[in-house]
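The values are calculated or read from the model by the stated rules, or taken from the named source; none is laboratory data. Values in this document were obtained by computation on a predicted structure and should not be read as measured data. Positions of Cβ are backbone-derived with ideal geometry, glycine not excepted, and every protein chain shown enters the neighbour counts.
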Amino acid sequence: MQQRARWGHVPAAGLALSLMTAMVTLTPAPALALAPGVVATDTGLVQGAAPDANGVTAFKGIPYAAAPVGPLRWRSPRSAAAWSGVRRADAFGPACWGTQQAGAPAPVMSEDCLTLNVWQPPRRSGPPKAVMVWLHGGGFQFGSSADPKYDGAKLAAQGVEVISLNYRLGAFGFLARPELDREAGSSGNFGLQDQIAALRWVQRNIAAFGGAPGNVTLFGQSAGAHAVGMLMASPQTRGLFTKAIAQSGAFWDSEHGSIPPHGAALAQGAALSTALDAPTLADLRAVPEDRLAAAGGKAFFAPSIDGAVLTDSPAAVFARGEQRHVPLLAGYTGAEDFPIFDPRALPHASPQEFYTAAEKLFGASRMAEFARLYPAATPAEAADQARRLVGDMVISEQAWELLGLQQRTGGSDVYGYTFTYTSAYSPVPAHVADVPFVFGNLLPQYFAPQAPPAGAADRAFSDTLAEYWTNFAVHGDPNGPGLPYWPRYAGVGSKLMELDAAPSAVTEPDGARLGFLASFRTGGRFPASWQTAGS
């Protein structure tokens, strides 16, 4: 009524002109006549690469936030600057500064790294496409969205929009300082804030690519899965995603205990200042990026409880039912320890050495139970059980506990799995072994670089996983025509999907071991003594 009254004072000719102007102004960007492969984002036009054989168009290196350089180092992500004309989006942006991944080519690194990539399926009539947003792994120390394993083209060919992104790593992403707390209210989780900023970009822009902002699945593996769990527990993510997939991760807990409190993160930041002879925040912001990366790489900067992005231990948030109530698909591999975490296993030259080390963690009163769950009568068995234990403590326990907590308190459907697939191409169900199969990029596995190339059975298994994952993204249920039935997870002792050459539902195989470890939590946290038990 107010609009009508205001126009009532405009002469007829002026009214017509006003209506024409309003129609032009209010026409949604996707309806404007744009050249093929050009999309209008809220900061400017982007031109993707030519569609591939499946009709998928890749848009790479799109800024989703301003470069966090100079005075923006260790600040919450700011809006990216708008540009004029059409921006070429056919090359990945630089990786964020981090440590070098063993055995991987050295990437181009820069602080100007907050970019994302969109793989757009063929534009056809019909409803907007479901969206899958990928968070890469790397322990929050290394990795980038340009890793060939994460190319989203084959997954997008299933009919979903796939997005991957870079986020700040190591000391650049997770420094905590009192001055930063005073400056912005919290510090320590800038990398997680980047992920949240990218999800907000998706809400503002994915419709222009043909995606549905109301149907977004957040998925990741290892550190990416920990990020999924932490963002599910964050009060800042309401409305940003509608489903979640966590592959081998949950709460950023480990054999050393639970996610660090803010005080521990502040102490780590103070130590970095001392090491760099940079006592003030201004001094730290003036440190050259390569020097900061080298110094930060000698420590292990990662998420902490900052009081803003994370207000409590994620496991405690889930236990109270305060996490995002969204459908969840999550699980772990059959050999999470191999080969990444094997060096962190308890001493195990003999059964006695293994059990003596375990007693320091679990206490004498629990050792009879521990010995039943991790039996070792020979040195070889002690080595096997020590490796199994570290895989359980770093990954499997929390992934299993995530399933149970979301099933009990999350108010949504939950689907659990254990990944046990092996072949000549992928001979061990190791940590990260599942990722090439999900994306369909069957490159040499990092733990078996001399293995033969993937064969027909590997490709068929990959197709199965891609269908499960994209069905879940579209419907919140991985099941579909022609796929072995995947039951909902119903809690401790119920069914998980065993993802092997012939996927099938099995009674969860590891619940006794993982439940033993989970029993040591109090208020969502493991004992503080675990942090020094191995020192």
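Values as computed for the structure displayed
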item: Qualifying positions in the stretch 213-263 - surrounded by fewer than 23 Cβ atoms within 10 Å (Cβ to Cβ), touching a helix residue (DSSP H, G or I) at 6+ places or on another chain (Cβ under 8 Å) and of a type in the set (Gly, Ala, Ser); result: Gly239, Ser254, Gly257
item: Ala451 vs. criteria part of a helix (DSSP H, G or I) and modelled with pLDDT of 95 or more; result: no
item: Lone qualifier among Asp458, Asp463 - being of a type in the set (D, E, K, R), in a helix (DSSP H, G or I) and touching a Ser or Thr at 6+ places or on another chain (Cβ under 7 Å); result: Asp458
item: Total residues in the stretch 37-50, condition more than 27 Å from the chain's Cα centre (by Cα) and in a loop (DSSP other than H, G, I, E, B); result: 2
item: Of all residues in the stretch 275-299 being assigned to a helix (DSSP H, G or I) and of a type in the set (Asp, Glu), the one that is surrounded by the fewest Cβ atoms within 10 Å (Cβ to Cβ); result: Asp290
item: Among residues of the stretch 310-363, those that are among the small types (Gly, Ala, Ser) and surrounded by fewer than 15 Cβ atoms within 10 Å (Cβ to Cβ), counted; result: 4
item: Residues of the stretch 474-530 that turn out to be more than 30 Å from Pro427 (Cα to Cα), part of a loop (DSSP other than H, G, I, E, B) and in contact (Cβ under 8 Å) with a residue 60 or more places away in the chain, as a count; result: 9
item: Any hit, the stretch 203-221, residues being aromatic (Phe, Trp, Tyr), over 30 Å from Thr418 (Cα atoms) and at pLDDT 95 or above; result: yes
item: Single residue of Ala153, Ala89, Ala146, Ala81 found to be over 23 Å from Gln247 (Cα atoms), surrounded by fewer than 23 Cβ atoms within 10 Å (Cβ to Cβ) and of a type in the set (A, V, I, L, M, F, W, C); result: Ala81
item: Some residue of the stretch 406-424 being farther than 29 Å from Thr242 by Cα and either under 21 Å from the mean Cα position of the chain (by Cα) or without any contact (Cβ under 8 Å) to a residue 60 or more places away in the chain (or both); result: yes
item: Residues within the stretch 232-274 that are outside any loop (DSSP other than H, G, I, E, B), within 30 Å of Leu465 (Cβ to Cβ) and either β-branched (Val, Ile, Thr) or free of Cβ contacts under 8 Å to residues at least 24 places away in the same chain (or both), tallied; result: 1
item: Qualifying residue in the stretch 476-497 (condition: touching a helix residue (DSSP H, G or I) at 6+ places or on another chain (Cβ under 8 Å), of a type in the set (Asp, Glu), surrounded by fewer than 19 Cβ atoms within 10 Å (Cβ to Cβ) and modelled with pLDDT of 95 or more); result: yes
item: Pair list, Cβ under 9 Å, 6 or more apart: the stretch 298-316 residue free of Cβ contacts under 8 Å to residues at least 24 places away in the same chain, other residue surrounded by fewer than 19 Cβ atoms within 10 Å (Cβ to Cβ) and not in a loop (DSSP other than H, G, I, E, B); result: Lys298/Ala275
